[in-house]
Amino acid sequence: MNRAREGADKPHPGTLVQLRIVKTFYIETFGCQMNVHDSEKVIGTLVGQGYSQVETPEEAELVFYNTCSIRDKAEQKVFSRLQQFKKEHGKGKTFAVLGCVAQQEGEKIFEKAPHVSLVCGSASYNRLPEMLVQLETGNRRVTGLSLDTEDTFETPMTRRDNPHRAYITIIEGCDKSCAYCVVPFTRGPERSRTSASVIREAEELARSGYTEIQLLGQNVNSYRDPSPAAWDFAMLLDQVGRVPGIRRVRFTTSHPRDFGKEIIDVIDANPALCNHVHLPVQSGSSRMLASMGRLYTREEYMRRIAWMKAARRPIAITTDVIVGFPGETESDFEATLGLLDEVGYDSVFSFKYSRRPNTPALALDDQIPEEEKSRRLAILQEHQRQIQIRRNAEYLGCVEECMVEGFNKATGQWIGRTAQHKTLNFLRPASEPEGDSDLTGKYLDVRVTRAGPNSLAGEAVH
Ligand code: SAM
Ligand code: SF4
């Protein structure tokens, strides 16, 4: 099955020819930033084992899908991809399903998709090298499905594609039990990395030229340093922001219950910490929050928003909302719309409630019909669009520092990102020719001249 390739140099006649075995893999990632970063670490692990990454599943011997099961649609996508490539199995390819769908469906995946040979949840990624050996020795059914772990997935090698912004996972799993959510079942219990290992990684990244770090976790602010140093999240955040060479630190996601004022205090005190907080609310109705098992009321959530609004640097606030959770009445829904107005979010990720296996919400009466969920979602999204038009217009005339993320050939504009995580597309001043040097990764001041619901536009200032 493995292709053998000869080295590029022709051997001298009579010498022993050594064949270098190059095993190729392709990986496709579904879902959140946690998954994207898990894939970066999986790629690092595979490359460390002598595998070489290729761009298409057709070219690969091993095909990996790193999956998401947070909503039904995400899960369906994975199975449709597996079906699409079923016939490729006949050509000697090996298929592996990683991540949340793997953990959730377990060995049932072998029944649904018999061409799959490896099923591995994220809590077992440390065992990947050993599982790869099992695959290589011809084992057709390899699984890594235990959630009984205190380990976090740390790799000596992580393959990062973006040379300027790097993710660091500081906490894995989740100990909450929101009634709608699969994460506690798919990612296992909360496990924090030691503060020393996080700081070491940030220092290594800074040495290799990264200037922006994003700390990741299902609930980053539930972070508890397992080492005797016993740092909490605010301390860790502050210290990452003090690593020489690091200009920006972001973090996502924060759980409102564990969000203390000290996080705002360190953002205020340390300019390297981005003035943006993503604080998922899910609903503006305390009755719904109780039924979702969110562990805070609307009033408690708004107290955290008040801390942010009182900060010395203006903090951009973004959130997640679920519409159509079982039992959500029109008045609960209106309470959510009212909360959007009261907070004035900079951006909202909004979702229709999706029934998920194993979750307590499956047993709740009064499921909301699909059309009604769609209606509420459309209303909410239009409502929020108007808020964003107003919010973004407040930036007209302001000068914002941007990290340049790339160049849009179609519009001739550079794509920048502000500390508040807003996209700010910009042109160089007319006196400077466009496109004669690559600005990607640089930090520039840009004056905002136009504002839309989803982005800003402007011109770089000298
Ligand atoms: N830990 C974060 C928190 O508690 O806010 C959320 C992490 S979750 C991976 C990301 C978002 O997916 C949630 O904030 C929620 O809005 C959404 N989500 C999770 N389960 C869902 C479900 N069953 N249906 C619809 N949206 C869901
Ligand atoms: Fe899911 Fe709730 Fe945990 Fe967030 S806190 S990952 S929504 S169970």
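Assuming E212 fulfils every condition listed in (1) open to solvent by less than 20 Å² (accessible area, probe 1.4 Å); (2) in contact with a helix residue (DSSP H, G or I) (Cβ under 8 Å, 6 or more places away or on another chain) apart from one, which condition is it?
Here E212 meets the rest and fails (2).
Take the conditions in a loop (DSSP other than H, G, I, E, B) and either open to solvent by less than 60 Å² (accessible area, probe 1.4 Å) or within 27 Å of D72 (Cβ to Cβ) (or both) and apply them to G338. Does it pass?
The answer is no for G338.
Among the residues of region 173-219, which ones are within 12 Å of ligand 1 (Cβ to nearest atom) and either in a strand (DSSP E or B) or acidic (D, E) (or both)?
Within region 173-219, D175, E190, L216 meet the criteria.
Taking G284 as meeting all but one of (1) away from ligand 2 (no atom under 15 Å from the Cβ); (2) not in a loop (DSSP other than H, G, I, E, B), write down the number of the exception.
In the conditions (1) away from ligand 2 (no atom under 15 Å from the Cβ); (2) not in a loop (DSSP other than H, G, I, E, B), G284 misses (2) alone.
Quick grid of which residues meet (1) more than 24 Å from V182 (Cβ to Cβ); (2) in contact (Cβ under 8 Å) with a residue 12 or more places away in the chain; (3) open to solvent by 10 Å² or more (accessible area, probe 1.4 Å):
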| site | (1), (2), (3) |
| --- | --- |
| F79 | no, yes, yes |
| L82 | no, yes, no |
| K93 | yes, yes, yes |
| V101 | no, yes, no |
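Might you let me know whether region 370-392 holds any residue that is crowded, with 17+ Cβ neighbours inside 10 Å and acidic (D, E)?
No; the residues of region 370-392 include none that is crowded, with 17+ Cβ neighbours inside 10 Å and acidic (D, E).
Per-residue answers, yes or no, for (1) free of Cβ contacts under 8 Å to residues at least 40 places away in the same chain; (2) more than 15 Å from ligand 2 (Cβ to nearest atom):
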position	(1), (2)
G293	no, no
T297	yes, yes
R303	yes, yes
D320	no, no
S331	no, yes
E334	yes, yes
L340	no, yes
S354	no, no
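Is region 349-369 home to any residue that is in a strand (DSSP E or B), open to solvent by less than 60 Å² (accessible area, probe 1.4 Å), of a type in the set (G, A, S) and touching a strand residue (DSSP E or B) at 6+ places or on another chain (Cβ under 7 Å)?
Yes, some residue in region 349-369 is in a strand (DSSP E or B), open to solvent by less than 60 Å² (accessible area, probe 1.4 Å), of a type in the set (G, A, S) and touching a strand residue (DSSP E or B) at 6+ places or on another chain (Cβ under 7 Å).
Suppose the filter is modelled with pLDDT under 95, under 21 Å from V36 (Cα atoms) and among the aliphatic types (A, V, I, L, M); does A113 pass it?
Answer is no for this residue.
Residues that are not small (G, A, S): which strands (runs of 3 or more DSSP E) entirely in region 47-126 hold 3 or more of them?
The qualifying strands (runs of 3 or more DSSP E) are 62-67, 94-99, 116-120.
From the residues in region 294-313 that are within 16 Å of ligand 1 (Cβ to nearest atom), in a loop (DSSP other than H, G, I, E, B) and in contact with a helix residue (DSSP H, G or I) (Cβ under 7 Å, 6 or more places away or on another chain), which one is most open to solvent (accessible area, probe 1.4 Å)?
L295
Scan region 252-266 and give yes if some residue there is outside any helix (DSSP H, G or I), closer than 21 Å to R313 by Cα and over 19 Å from the mean Cα position of the chain (by Cα), otherwise no.
Yes, some residue in region 252-266 is outside any helix (DSSP H, G or I), closer than 21 Å to R313 by Cα and over 19 Å from the mean Cα position of the chain (by Cα).
Can you pull out the residues in region 185-205 that are of a type outside the set (V, I, T) and surrounded by 18 or more Cβ atoms within 10 Å (Cβ to Cβ)?
F185, R187, G188, E190, R191, S192, R193, S195, E201, A202, L205 - these are the residues of region 185-205 that are of a type outside the set (V, I, T) and surrounded by 18 or more Cβ atoms within 10 Å (Cβ to Cβ).
Of all the residues that make up region 127-154, how many are part of a strand (DSSP E or B) and either open to solvent by less than 10 Å² (accessible area, probe 1.4 Å) or on the phi > 0 side of the Ramachandran plot (or both)?
Matching residues across region 127-154 total 2.
The values are calculated or read from the model by the stated rules, or taken from the named source; none is laboratory data. Since we're looking at a predicted model, the values are computed, not measured. In this analysis, Cβ positions are derived from the backbone assuming ideal geometry, glycine residues included, and neighbour counts consider all displayed protein chains. Calculation scope for accessible area: heavy atoms of the full protein, side chains included, ligands and nucleic acids excluded. Shrake-Rupley method; radii C 1.70, N 1.55, O 1.52, S 1.80 Å.
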